[in-house]
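Remarks on the structure that follows.
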Amino acid sequence: MALGITAWSRERVPLDPIEEAVRHKTVPVHRHSYAYYLGGMTLFLFAMQVGTGALLLLYYRPSATEAYESVQFIMTRVPFGWLIRSIHSWSANLMVAAAVAHLFSVLFLHSYRRPREMTWVSGMLLLALTLGFGFTGYLLPWNEVSYFATRVGTDIMTAVPWAGEFLVRFVRGGPEVTGATLTRLFGMHVAILPMIATVLLGLHIWLVQAHGMSVPPEVAEAAAKSGRRVRALPFVPHFVMREAFGWTVALALLAGLSAFYPWELGVKADPFAPAPAGIRPEWYFLWMFQALKYFPAHILGIEGEVVALGAIGALAVAGFTVPFWATGPRSRAIARWGGVAALIMMAVLTLLAYRGEGH
Ligand code: HEM
């Protein structure tokens, strides 16, 4: 009977090409193999976001008069609502960290080399979307911190040459951060960004599948010299079982963090109250926020903020285009050490921001 059902469904839903691809997929084994788990970890955390986000939607209300109260209701009255909201918030932060770790591991191991250029570019776009999810989700509880941080964050956009005014109005849905901003960011957070993310994620994973896992040049050269082949692990079941172990640990971590440090709600936003002291964005935007403070008001007659945004933009362009300029051993070394320098700079600026320097 069981065989009959399998044959029946196989005839109607032929999954053979996928089965075939998965059966032949292998993962190289070398001392940097840990890097191959980071993309899967990011994917797991993204799946957590989709699941917990859908549950939050059942009770959340996207308006300035009801948003805060609906989140309060979720935290105090809905059974396990506090757990779902806390997991959504913790997992969002861990997902940003996992995606950044994935990016740097891929950069340091030169996995972006031909023919994986588009895997890199789609990954960069996914990271930008992940940050977009963070930014648009931050305002949704409509509390004091999120309200003023969104005001400051969107204010910075005015410094963008030519398009600044338009950008701010586009994101705020008007000249100020109001209920219209909340509705707009909510729409982006639960509909527009997920739609784009689904397409990009499909492309990213499909490209990974089509090209197979990359072997770092150093590992390939060492294997060629010794006349041995690089060892490989079957994707199913060996690699998947190890990934599943990692996901179980991540789930335990999320549950532990949520139980011991439930996500706070704070006080309701009052748009007419003065901004409280020490308002700052989420940790992953802090380095940019801090960098802006160090630029003088004017540099060669150009506004300091404009120059700072230009520098951050140039860094982003250099990052997006890595596979197109880092094509030889020397330029790849520049990409690697440039990445190390960028990482140190971001870490130092973030630390300085936490210590409240530059006020
Ligand atoms: C939402 C964010 C992302 C998700 C869910 C994701 C998911 C994945 C998965 C599951 C893999 C296969 C396993 C692995 O190599 O780790 C992978 C590989 C890859 N990812 Fe991502 N990724 C994301 C963001 C990024 C970013 C930000 C970059 C870099 C700009 C990137 C570049 C790559 C590259 C080049 C590979 C191929 C690695 C190889 O062949 O060795 N991804 N990604």
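The values are calculated or read from the model by the stated rules, or taken from the named source; none is laboratory data. As the structure is a computational prediction, the values presented were derived from the model and not from experiment. Positions of Cβ are generated from backbone atoms using ideal geometry, with glycine treated the same way; all protein chains shown enter the neighbour counts. Ligands, DNA and RNA are excluded from the accessible area calculation, which covers all protein heavy atoms including side chains. Shrake-Rupley method; radii C 1.70, N 1.55, O 1.52, S 1.80 Å.
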Study note, to complete from the structure: Screening 100, 27, 78 for residues that are part of a helix (DSSP H, G or I), surrounded by 16 or more Cβ atoms within 10 Å (Cβ to Cβ) and among the β-branched types (Val, Ile, Thr) leaves only 100
Review point. Checking residue 89 against (1) without any contact (Cβ under 8 Å) to a residue 12 or more places away in the chain; (2) within 23 Å of residue 195 (Cβ to Cβ), which test does it fail?
Key: (1)
Exercise for review: Could you name every one of the helices (runs of 4 or more DSSP H) located completely within segment 107-226 that has at least 1 residues being charged (D, E, K, R), surrounded by fewer than 17 Cβ atoms within 10 Å (Cβ to Cβ) and more than 16 Å from the ligand (Cβ to nearest atom)?
Suggested key: 144-156, 164-172, 217-226
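So how many residues does segment 1-15 have that are in a helix (DSSP H, G or I) and under 25 Å from residue 199 (Cβ atoms)? Explain how you work it out, then say what you get.
Start the filter on segment 1-15 by keeping residues that are in a helix (DSSP H, G or I), which leaves 2-12.
Now narrow it down to the ones that are under 25 Å from residue 199 (Cβ atoms): none.
Qualifying residue count for the region: 0.
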Check your understanding: If the Cβ limit is 8 Å and pairs must be 6+ apart or interchain, which residue in segment 324-352 that is more than 26 Å from residue 118 (Cβ to Cβ) pairs with which residue that is of a type outside the set (Ser, Thr, Tyr) and exposed (fewer than 14 other Cβ atoms within 10 Å of the Cβ)?
Key -> 352/358
Practice item. Write out, first by first residue and then by second, each pair whose Cβ atoms fall under 6 Å of each other, whose residues are 6+ apart or on separate chains, and whose first residue, in segment 101-118, is at negative phi while the second is more than 8 Å from the ligand (Cβ to nearest atom) and outside any helix (DSSP H, G or I). Key: 109/32; 109/216
Study note, to complete from the structure: Contact list, first residue from segment 175-186 and of a type in the set (S, T, N, Q), second anywhere and not in a helix (DSSP H, G or I), beta-carbon distance below 6 Å, six or more apart or interchain, is 181/173; 183/62
Practice item. Among the residues of segment 227-251, count how many are within 22 Å of the chain's Cα centre (by Cα) and either within 13 Å of the ligand (Cβ to nearest atom) or surrounded by 14 or more Cβ atoms within 10 Å (Cβ to Cβ) (or both). Key: 5
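Please give the helices (runs of 4 or more DSSP H) falling wholly within segment 282-359 in which 1 or more residues are of a type in the set (Gly, Ala, Ser) and open to solvent by 40 Å² or more (accessible area, probe 1.4 Å).
On the way: elements: 283-294, 304-320, 322-325, 329-354.
In segment 282-359, the matching helices (runs of 4 or more DSSP H) lie at 304-320, 329-354.
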